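A short write-up of the structure that comes next.
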Ligand code: C2E
Ligand code: MG
Ligand code: MG
């Protein structure tokens, strides 16, 4: 996945989570706000009711019940006395109106309204008597207690006024308009909204602070991510100190294999441990980022890169704490670029990528420093990659066959299929395009194309009654990371109904521990299907001898460099080659020497008991039609 795609994915995830957190916070705070408003509103109303009750009791105490009994009309002097008494309470605290009511038979009549602007006349039956009755529940005067209630937009409290004989002469009522409570509540609500807004701002601040940190980190390992490394590099560039650094692009060779061995979750644990070790080797002003999968970019002070790579190359990771009985050595691949004064951070990363890419196409050099000539080969590699699929479908890849000869009989005994890219009149050899295809992972398609072409050719020869020989096809080591590799080979074999002994799979000697188990398992499956297998370029890898012991390949192809070295008449080389051939013969494997170009090499190999050879001495790789003729004339003179 590219760094851009990762960033997009990350920011989408970030905004989704941020929005979710904000919505949750908003809902929670709103519920809390409503709850607080309700509680406060209830408390205020209760408090107002209590105050009104107190005032009603005091006002009732101030009115003489006997005087009240004697009042007949508004013009009674007692009326003015009561009015004066009640005016003391008017508009105090939360009081809007104070009034008295007098019992007249069953009727409750209004006596005094303390609000003289709007008071009702004495003796008039209160026009809202029925509503007052409802508000008083019809029994306030009888139970002699102070009551309070809400009535329309008023909160009212009522206290009986007693005459000297203990009878209830009337009721003193106190009203307050609930608007004042509403007004208070409005202010409280505003405060609560302000508080919620403040809390939300704090949440927002925390969330963005959190993301600001998270968005700079790689989610899995906790080291920096690509964007923040580039930002850091840009800062160093602004300070004009970036050229004091080198960039290393580091990749774990065969991580796919490690992942398939220990499983992807432990693969993640493995990466975390690895990133910790890597960061541990860095100084305070050196930086490391993971850019996805097993790829890391390191910004390190110039002169320290060799030391870091040496330490990292010796790294073993012990997985025993995770119930895996494995201590895994971590093989590296690195592209290094020494930053110059004119480079930006992005340039430097690009150049180190070019170096890394170059190291992928050169299996003998895993640590590669950038050289400007690499840019040219990058252009040509990109051209190869861009043209590959079209060329494959339009038949530009053709299969040549190089004969293998049994040197005791001088008879053709097999052939190796070798691919050529035919572009017009130009025949391009595989070494010019296979490394680029291998680095891009495209070579696997080509290998199966060649293998299927071989199967088709064998069928055609059989149809023409031409006796075929065993044909070997080269398969890149990349296939070993594919768990369906063996099945795919068998599917094609079955599709063409080819006798398995006519097919051979050549695998290049594996580089060390990494895909050893996958190689063993693949060879076992081929043995079961009776398809031959061979180890190509034997002697150029690390673990040749143990590989021979453990893996039951049918054929071992000794690399032509063994014979090249013999040119200098180095008797040690000769002895080694003789002994290697003897050992392979003793192990009951067929030994084939590649690259036989002259008579003296041939006689040496005859004496050394090598039975089969392949080389220009007998034939170069031949186009299909020429090889067909060779099949019909298999004897070499
Ligand atoms: P290889 O599999 O080791 O093939 C042998 C190479 O040695 C061939 O080169 C062949 O032409 C060359 N050779 C044979 N006899 C002599 C000789 O007497 N002297 C010299 N100097 N060279 C000799 P070629 O065809 O250029 O192939 C090079 C490599 O390309 C092959 O090495 C193989 O690794 C790779 N290759 C070729 N075809 C395929 C393919 O279809 N798939 C994959 N994955 N690799 C392929
Ligand atoms: Mg080969
Ligand atoms: Mg070879």
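Details
- Compared with the alpha-carbon gap, the fully stretched path from residue 624 to residue 214 is longer by 141.6 nm at 0.36 nm per residue.
- Modelled FRET efficiency - R0 30 Å, residue 329 with residue 537, Cβ distances, 0.05 increments: 0.85
- P(r) histogram, all alpha-carbon pairs of the chain included - 10 Å bins from 0, percent: 3, 12, 15, 14, 10, 7, 5, 4, 5, 6, 6, 5, 4, 2, 1, 0
- FRET efficiency, 1/(1 + (r/R0)^6) with R0 51 Å, evaluated for residue 26 and residue 322 via beta carbons: 0.75
- Rounded Å value of the spacing that divides the Cα centres of segment 459-526 and segment 569-636: 22
- Extension gain, residue 301-residue 394: 0.36 nm per intervening residue step, less the Cα-Cα distance, totals 28.5 nm.
- Label-point separation, residue 78 to residue 313 (7 Å along Cα→Cβ), nm: 11.9
- Fraction of antiparallel bridges per DSSP, the chain only, in percent to nearest 5: 70
- Taking the DSSP bridge list for segment 257-395 and keeping only pairs wholly inside it, about 75 percent are antiparallel.
- Crossing angle, helix 516-529 versus the chain [Cα axis fit, 0-90 degrees, rounded to tens]: 60
- Judged by the mean number of other Cβ atoms found within 10 Å, the most tightly packed of the peptides 37-43, 336-342 leads the ranking 336-342, 37-43.
- Segment 344-472 - convex hull of alpha carbons, volume per residue in Å³: 146
- The shape of segment 381-632 can be summarised by an equivalent ellipsoid whose semi-axes, obtained from the alpha carbon gyration tensor, come to 27, 22, 20 Å from longest to shortest.
- Intensity falloff of segment 224-371 expressed as log10 I(q)/I(0), Debye formula with alpha-carbon point scatterers, at q = 0.12, 0.16, 0.19 Å⁻¹: -0.48, -0.83, -1.12
- Dimensionless Rg ratio for segment 372-438, taking C-alpha atoms and the 2.2 N^0.38 Å reference: 1.47
- Report note on the peptides 454-466, 496-508: ranked by the mean count of other C-beta atoms within 10 Å, highest first, their order is 496-508, 454-466.
- Computed over the alpha carbons of segment 549-632, Rg followed by Dmax gives 14.0, 42 Å.
- If the chain linking residue 45 and residue 377 were pulled fully straight, counting 0.36 nm for each residue of separation and taking away their Cα-Cα distance, it would gain 111.0 nm.
- Percent breakdown of C-alpha pair distances by 10 Å bin, ordered from the shortest bin, for segment 172-307: 10, 26, 21, 13, 9, 8, 7, 4, 2, 0
- Förster radius 41 Å - calculated FRET efficiency between residue 15 and residue 432, Cβ distance, rounded to 0.05: 0.30
- Over segment 457-534, the hull volume per residue, using the convex hull of the C-alpha atoms, is 79 Å³.
No value in this document is a laboratory result; all are computed from the given coordinates. Predicted model, so just to flag it, every value in this text is computed and none were measured. Every residue, glycine among them, receives a Cβ derived from its backbone with ideal geometry; neighbour counts consider all protein chains shown.
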